[in-house]
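Asker: My structure is below; once you've seen it, I'll send some questions.
The values are calculated or read from the model by the stated rules, or taken from the named source; none is laboratory data. Computed from a prediction, not measured in an experiment: that's the story for all the values here. Using ideal geometry, Cβ is built from the backbone for each residue, glycine included, and neighbour counts are taken over all protein chains shown. We work out accessible area using only protein heavy atoms, side chains counted, and drop any ligands, DNA or RNA first. Shrake-Rupley method; radii C 1.70, N 1.55, O 1.52, S 1.80 Å.
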Amino acid sequence: MNILVTGGAGYIGSHTCVELLNAGHRVVVFDNFCNSHPESLKRVATITGKSVDLVEGDIRNGHQIEQALRDFKCEAVIHFAGLKAVGESVQLPLKYYDNNVVGTVRLLEAMQATGVKTLVFSSSATVYGDPQYLPLNEEHPLSASNAYGRSKIMIEDMLRDLFRAQPDWKISLLRYFNPVGAHASGLIGEDPDGIPNNLMPFVAQVAVGKRDQLNIWGGDYATPDGTGVRDFIHVVDLAHGHLKALEQMQQAQCLAVNLGTGIGYSVLDVVKAYEKASGKPVPYVIAARRPGDIASCYAEPALAASRLNWTAKLGLDDMCADSWRWQSQNPNGFKA
Ligand code: UD1
């Protein structure tokens, strides 16, 4: 299949490009590199021995997307492009609605104009808000407390409306839990700009000596060790999930599916596993809770197993070992 991958140079996008190429698909990346680096696509080519076609552009430019869909005779779209910093979204909500929501409207219009009706969308477990029960299944009510989360819910709602109006579309909404780790080659991985917001990239930078210590945001949650519990999922498993979602979409649908392991690990579990994988100490202090954080979040992954024939295979030790390989081999990410 010829597949347009928006945001394909990014963290999850680049890992998904590898799986798509390995499965024999032709990949066209549409990316403006606002939070990614073209070097990632060169590394994808090194890993797979195949190259991706690249269109440098902004998803808010509908004409350019339409042109790319036509030029490369695309049959499906995997839509990763979007902004994802929760804190920034609170400060700059319009930037998030413009990039994420308006950008998706432009993409969908371009798909409509070219008759491309198969879409895999990057949603997030953030759409569940503060869990009312655990594990989270896809029936859990949706809510958001920041513009980033709301932009994901708005896009999901928009896609459900589109499907109601045009029931011949094939749409998968993949709700990611906490993606971590890196490709086993150590060639691609997460390359955050500035101080990492997310846990594992921060821990990685402490282990490699770029930062002195980890601040653990809260040690008094109602969890086994008092620190936050999350469903960390290896980015290569997540990438496989996209391939499976594309392969299983034989019939028209608009289906939301969790991509998680179903297992919750605490922040301290991650610190210990990372120390073991890296052989380096990860000093930490327990600090105040981060506003907006929840105590625990983990998936009920049964729907992905039954509908996508997908389950996560890699565990926390693999996630830490692969993250460490990427971090230690590329201490400055793709910029080196
Ligand atoms: C965050 C986002 C979420 C987004 C997801 C994408 C917030 C509030 N939520 O989820 O919307 O979908 O990333 O990957 O930003 N932690 C520390 N010290 C740190 C960093 C994190 O203790 O320096 C803790 C957090 O308090 C939390 C856990 O580690 O308990 C995971 O945090 P993080 O990696 O930021 O992910 P989420 O907050 O789950």
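Asker: Rg (Å, one decimal) plus Dmax (Å, integer) for the alpha carbons of segment 47-87?
Answerer: 13.0, 38
Asker: Per DSSP helix of 4 or more residues, -39500 (n - 2.57); summed, then divided by the residues of the chain. What does that give at 222 nm, rounded to the nearest 500?
Answerer: Values: 11 runs with 122 residues, N = 336.
Value at 222 nm, helices only: -11000 deg cm²/dmol.
Asker: How large, in percent, is the carbon and sulfur part of the accessible surface of the chain at a probe radius of 1.4 Å?
Answerer: Details: 7030 of 13980 Å².
Roughly 50 percent of what the probe reaches on the chain is carbon or sulfur.
Asker: Given N residues in segment 1-145, what is its alpha carbon radius of gyration divided by 2.2 N^0.38 Å?
Answerer: Normalised Rg, Cα atoms only: 1.10.
Asker: What is the projected area of the convex hull of the Cα atoms of segment 132-234, averaged over all directions, in nm²? Please report the intermediate quantities before stating the final value.
Answerer: Working: hull surface 39.7 nm².
Its average projected convex-hull area is 9.9 nm².
Asker: Residues with amide H under 5 Å of R26's amide H, sequence separation 5 or more or different chain, H placed in the peptide plane at 1.01 Å from N; which?
Answerer: The answer is N2, I3.
Asker: Another question, then. Amide H of G82 versus every other amide H placed in the peptide plane: which residues, excluding those fewer than 5 positions away on the same chain, fall under 5 Å?
Answerer: none
Asker: Continuing with this model, one more query. Assuming R0 = 41 Å, what is the FRET efficiency of L94 and D53, from their Cβ-Cβ distance, to the nearest 0.05? Each step should come with its number before you reach the end.
Answerer: Values: r = 32 Å, r/R0 = 0.78.
It comes out at approximately 0.80.
Asker: Read phi for every residue in segment 137-145 and hand back ³J(HN,Hα) as whole Hz from Karplus 6.51 cos²θ - 1.76 cosθ + 1.60, θ = phi - 60°, with x for Gly and Pro.
Answerer: Residue by residue, segment 137-145 yields 9, 5, 7, 4, x, 9, 7, 9, 10 Hz.
Asker: Keeping all protein chains in the complex and leaving out DNA, RNA and ligands, what accessible area do you get for D157 with a 1.4 Å probe, in Å² to the nearest 10?
Answerer: 70
Asker: Under a no-solvent Debye model with one identical scatterer per Cα of the chain, what's log10 I(q)/I(0) at q = 0.08, 0.16 Å⁻¹?
Answerer: -0.35, -1.52
Asker: To continue, here is another question. Given the options N178, N100, N146, state which has the largest fluctuation in a GNM of the chain using a 10 Å cut-off (strictly under) for Cα springs.
Answerer: Most flexible of the set in this elastic network: N146.
Asker: How high is the FRET efficiency from H63 to V105, r the C-beta distance, R0 22 Å, rounded to 0.05? Spell out each step's value before the answer.
Answerer: Details: r = 14 Å, r/R0 = 0.63.
For R0 = 22 Å, the calculated efficiency reads 0.95.
Asker: Also, I was wondering about something else. Would you look at the GNM of the chain, springs on alpha carbons closer than 10 Å, and say which of R164, R70, R106 moves the most?
Answerer: Of the options given, R164 has the highest mean-square fluctuation.
Asker: Relative to the present Cα-Cα distance, how much length would full extension add between N198 and D317 at 0.36 nm per residue of separation?
Answerer: Numbers: separation 119, 0.36 × 119 = 42.84 nm, distance 1.80 nm.
Extra length available between N198 and D317 comes to 41.0 nm.
Asker: Still on this model: Viscosity 1.567 mPa s, temperature 4 °C: give me the Stokes-Einstein translational D for segment 244-336 in µm²/s, with Rh taken as the Kirkwood radius over C-alpha pairs. Could the numbers behind the result be given before it?
Answerer: Details: Rh = 16.4 Å.
Taking Rh from Cα pairs, D becomes 79 µm²/s.
Asker: Further, regarding this structure: Find how many whole Å separate the alpha carbon centroid of segment 149-171 from the alpha carbon centroid of segment 68-87.
Answerer: Segment 68-87 and segment 149-171 have Cα centres separated by 15 Å.
Asker: Another question, if that's okay. Would you kindly state the longest site-free stretch of the chain, with sites defined as chymotrypsin sites (Phe, Trp or Tyr not before Pro) in a DSSP loop (not H, G, I, E, B) surrounded by at most 16 other Cβ atoms within 10 Å?
Answerer: Longest stretch, sites excluded: 134-336.
Asker: For segment 170-179, in order, what is each residue's ³J(HN,Hα) by Karplus, 6.51 cos²θ - 1.76 cosθ + 1.60 with θ = phi - 60°, in whole Hz (x at glycine and Pro)?
Answerer: Couplings: 10, 10, 10, 9, 9, 9, 6, 8, 9, x Hz.
Asker: Using only the C-alpha atoms of segment 162-294, find the volume of their convex hull and express it per residue in Å³.
Answerer: Each residue corresponds to 153 Å³ of Cα convex hull volume.
Asker: May I pose another question? Roll a 1.4 Å probe over the protein chains and send me the accessible area per residue for the chain in Å². Please list the in-between numbers first.
Answerer: On the way: 13980 Å² over 336 residues.
On a per-residue basis, 42 Å².
Asker: Between the DSSP loop rule and a limit of at most 10 other Cβ atoms within 10 Å, which GluC sites (Glu not before Pro) in segment 51-155 are left? Working shown, then result.
Answerer: Numbers: sites: E56, E66, E75, E88, E109, E138, E139; in loops: E75, E138, E139.
Listed in order of number, the matching sites are E139.
Asker: Also, quick follow-up: Using a 1.4 angstrom probe on the protein heavy atoms only, line up H37, H79 by accessible area, largest first. Walk me through the numbers before you get to the answer.
Answerer: Details: H37 65, H79 0 Å².
Most to least solvent-accessible, the answer reads H37, H79.
Asker: Can you pull the Rg over Rh of segment 173-228, Cα-only, Kirkwood?
Answerer: Details: Rg = 13.7 Å, Rh = 13.4 Å.
So for segment 173-228, dividing Rg by the Kirkwood Rh gives 1.02.
Asker: Below 10 angstrom from the Cβ of C34, what's the summed charge of the other residues (Lys, Arg +1; Asp, Glu -1)?
Answerer: On the way: positive: none; negative: D31, D58, D193.
Here the charged neighbours net out to -3.
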